[in-house]
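Chemist: One structure is given below, represented as structure tokens, and several questions about it will come after.
Just so it is clear, none of the values below were taken in a lab; they were calculated from the coordinates. Computed from a predicted model, the values in this text were never measured in an experiment. Heads up, the Cβs are rebuilt from the backbone with ideal geometry, glycines too, and the neighbour counts pull from every protein chain shown.
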Amino acid sequence: MPLDIHQLRQEDWRSEFGAGDLRRGISYAEEKRSKLLSLKDHSLLANCRGSGGQTYQQRITLHPYGRKWSVTGHCNCPVGFNCKHVVAALLTLEAQQRAGSDLSDIIVVNKELAETRLEGIPPSAILSLGSQVRVHFDARKGRMQEQTQHRAALAFDYAGHKVFGKPAKDLVKRLDEQTNLRLIRDGGAEASLRKRLENLGLQVALRQSEALPAEAGEPFELERERDWLDFVQQQLPQLRAEGWQIHMRPDFQYNLAEVDDWYAEVEEDPQQNWFDLELGIEVEGQRLSLLPILLQAIRRTPWLLAPEALAQRADEDRLLVSLPQGGKRIALPFARLKPLLVTLGELYFRDPGDDHLPLRLGRADAARLAELAQGPELSWQGGDELRGFAQRLQNLSVREIAPPEGLQAELRTYQVQGLNWMQTLAELRVGGVLADDMGLGKTLQTLAHILCEKQAGRLKNPALIVMPTSLIPNWQDEAARFTPQLRVLALHGNKRKALFEEIAEHDLILTTYALLPRDLKALNQQRYRLLILDEAQNIKNPRSKAATAAAQVQADLRLCLTGTPLENHLGELWSLFHFLMPGWLGDAKAFTRDYRTPIEKRGDAQRLNHLNGRIRPFLLRRNKEQVASELPPKTEITQWVELTQLQRDRYETLRLAMDQKVREEITRQGLARSHIVILEALLRLRQSCCDLRLLGDDDGELSATDSGKLSALLDMLQELVDEGRRVLLFSQFTSMLALIEAELQTRKIAYAKLTGSTQDRRTPVARFQAGEFPVFLISLKAGGSGLNLTAADTVIHFDPWWNPAAEAQASDRAYRIGQDKPVFVYKLIARGSVEEKIQQLQQAKASLARGVLDGGSQGQWQLDEEDLAALFAPLD
């Protein structure tokens, strides 16, 4: 039914009043306390006798607002606006209309009325605020769109009489049955109040709007939507303090509730490796979780709360959000939000399924609690022990311990620190990445860590180490050398399956990345105290079989060892931490959005600093420059490699043939005259250890992967180059250097090369010294002497020269006067082969080795049956 002032209905206007005013107004109307004085158009004048016997006057304007009446009811009672007296007047009018009374009867007509003048009264400002949401069809976008208009209306109060508009004409109105009121307005004072409003950025609204009824006053608006929040939050309190009357309609969208408190509630289960965290606010005595509130804002405008957008936000900026119930809104200051979202951002951006659940976090995430505690004050509830743990985790106060008894090595200071760091992480039950440069002893530190676990009684289940195949012999050798107390089981080769039943009887289990997916079911019959990935960059692709299998191994603690935690992009770092502590850096999509894109594409230093802060407690990296003072000038390292199965088969075939040939030659000519045949036989065996293609009978089907030593070398070189090392690579065989050269070209690793056929020796040397190439390939005969290559800090002997003096002379191309860096010398030796046998003979019979391999040029040499048997013994 259309609105009609002459057929007033309570249901059309009662929503303008509170329940209490309605209830008392109904009582007043029933008690006939209200008397109508005049009704003209939509304006009603009435008197009402109050509870104390005093009579108050009401000036009421009704304005159609959609299907309801908008009521502007002023009363000179203490409440002043839309009070119980206004309700009584409207009910009295409605009652008279239903009774059929002639409304003219209530109008006192007296043309000779007395006049009361009000003059010299300073006006006070009345500011009304309202909003209107309109829905319209946007033809361009093809969908319905919402448009919200906000308005402010300025009016003036002269001793309870409301006026508005320009010019400031006198107001003449009926005061009672016998008296008119003439109000003399103060135009100058009104202009000053209007100017005050304009100085705050409001301007006269030129467009019509139903946000406020016309009777509210002179309409004003702000140019931009975002300015309304600043106006309400910052300027409106100032106006109130200056005495302005502020009336906000219930539909005004910036009629904000106040946040009384911010709280954090922690609930932990000591038996589980997680805890629940709820962050919330208290509004009007009610506790509200921030999770659904922020998720609503994020889904509506995800770009607004993205990390890069947060970085641009000033602390005084605010985020306007709607509360889940009641339709109220609040303004959350970014000074509060930024620490929360920077610390917990990716957790809020994920979709947990149930917005009302608390955040469930892994134990490593406790560091976030310490970060939150450093921000604006929160009322903490519960989780005292966990927050203490969080504080320690954030600061990572490393516990100092003594190296374990029985460790057959003296740890350098930085290695002791590495051991302490790993022990601290184990105590805190979190994982980590030991990312020391190659050659600084990651293996030794890890073995010391495992031995500590054993001696403390925590190694009730074995440690499982996954590594490239080529490193199996190194771990076996170093464990036997440094930690003989540890019982080591290598699950490698065709006979490994028979060893699965022995896993529980050992302290240290060794397997490879290639075998882990195949043996996962058998390995998971046992739980492990430690799961350690050596050369952990092998899982940089999180979807690889090895990475997937590693994630499924059941272990109390996880550890990564790698000299290159980051080779190409940040996604590789994410993959390591996804293995160590799933969810710590978010999922891959969130990590790309929050870190990779801002850092890699935009160079966002703030996001980089935040990422560094996230991973710092869990990543320990020392390069050799940092610990140079602890390193000897030259460190020699034997790098054991494992032959491939194809190499082993060919080696054995060749060994049998060479052994028979040598023995026949010795029988025919004697040992003294058989050295040429012996040298040739040893050369052929050495070539098979390097690469089968050196034997000269390759049909084109062999590749680098068929050589265990070449595969190990390429892995080493990639890591060394990524670390910024400068490498001299020596080989006796120029054909081997050619094979290595081809692989470097494939991997786009820059190099220089010097062999006997190089005519211009000066240029490659100068370019390497100038830093143009990280790798220098050198044949022993061409570069074993006479070169000064102090730019190098690493020397690799691919096929070690069995004469120690010649080998040392080659190494000294880097380790010489002018060298200001520690030098690392690596010798690659195939485990169980003739290379290892001659290495042993070199140590036991140095003069014999020199004599055999130099054709007697170094003096007398003698072989007995035992020596010959050792050199041509089968592979171990």
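Chemist: For the ranges 58-66, 224-232, what's the packing order if you count other beta-carbon atoms within 10 Å of each residue, average per peptide, and put the highest first?
Modeler: By packing density, highest mean first, the sequence is 58-66, 224-232.
Chemist: Sticking with this one: Going by average Cβ density within 10 Å per residue, which order do the peptides 670-676, 726-732 take, highest to lowest?
Modeler: Final packing ranking: 726-732, 670-676.
Chemist: Compute the distribution of all C-alpha to C-alpha distances in region 413-620, in bins of 10 Å from 0, and list the percent of pairs in each, rounded to whole numbers.
Modeler: Spelled out bin by bin, region 413-620 gives 8, 36, 36, 16, 4, 0 percent.
Chemist: Where does each of S128, S379 land when they are ranked from fewest to most other beta-carbon atoms within 10 angstrom?
Modeler: So the ranking, lowest neighbour count to highest, is S379, S128.
Chemist: Express in whole angstrom the spacing between the alpha-carbon centres of region 38-93 and region 684-757.
Modeler: Result: 98 Å between the Cα centres.
Chemist: So, one more: With the Cα gyration tensor of region 10-107 giving a ≥ b ≥ c as the square roots of its eigenvalues, does the rule (a/c under 1.5 for rounded; else a/b larger than b/c for prolate; else oblate) give rounded, prolate or oblate?
Modeler: rounded
Chemist: Order of 12-18, 632-638, 82-88 by packing, highest average Cβ count within 10 Å first?
Modeler: Most protected by this proxy first, the peptides run 82-88, 12-18, 632-638.
Chemist: Another question about this same structure. Could you pull the Rg and Dmax for region 124-248, using just the Cα atoms, both in Å?
Modeler: When restricted to the Cα atoms of region 124-248, Rg and Dmax are 17.3, 62 Å.
Chemist: Please state the shape class of region 423-503: rounded when a/c is under 1.5, otherwise prolate if a/b exceeds b/c and oblate if not, all from the C-alpha gyration tensor.
Modeler: Note, shape of region 423-503 comes out oblate.
Chemist: Related question: Determine the dipole magnitude for region 413-620: charges of +1 sit on the beta-carbon of Lys and Arg, -1 on that of Asp and Glu, nothing else is charged, the reference point is the Cα centre, and the result goes in debye to the nearest 20.
Modeler: Computed about the Cα centre, the dipole is about 580 debye.
Chemist: Across bins of 10 angstrom width beginning at 0, how are the C-alpha pair distances of region 484-576 distributed, in whole percent?
Modeler: 15, 48, 29, 8, 0
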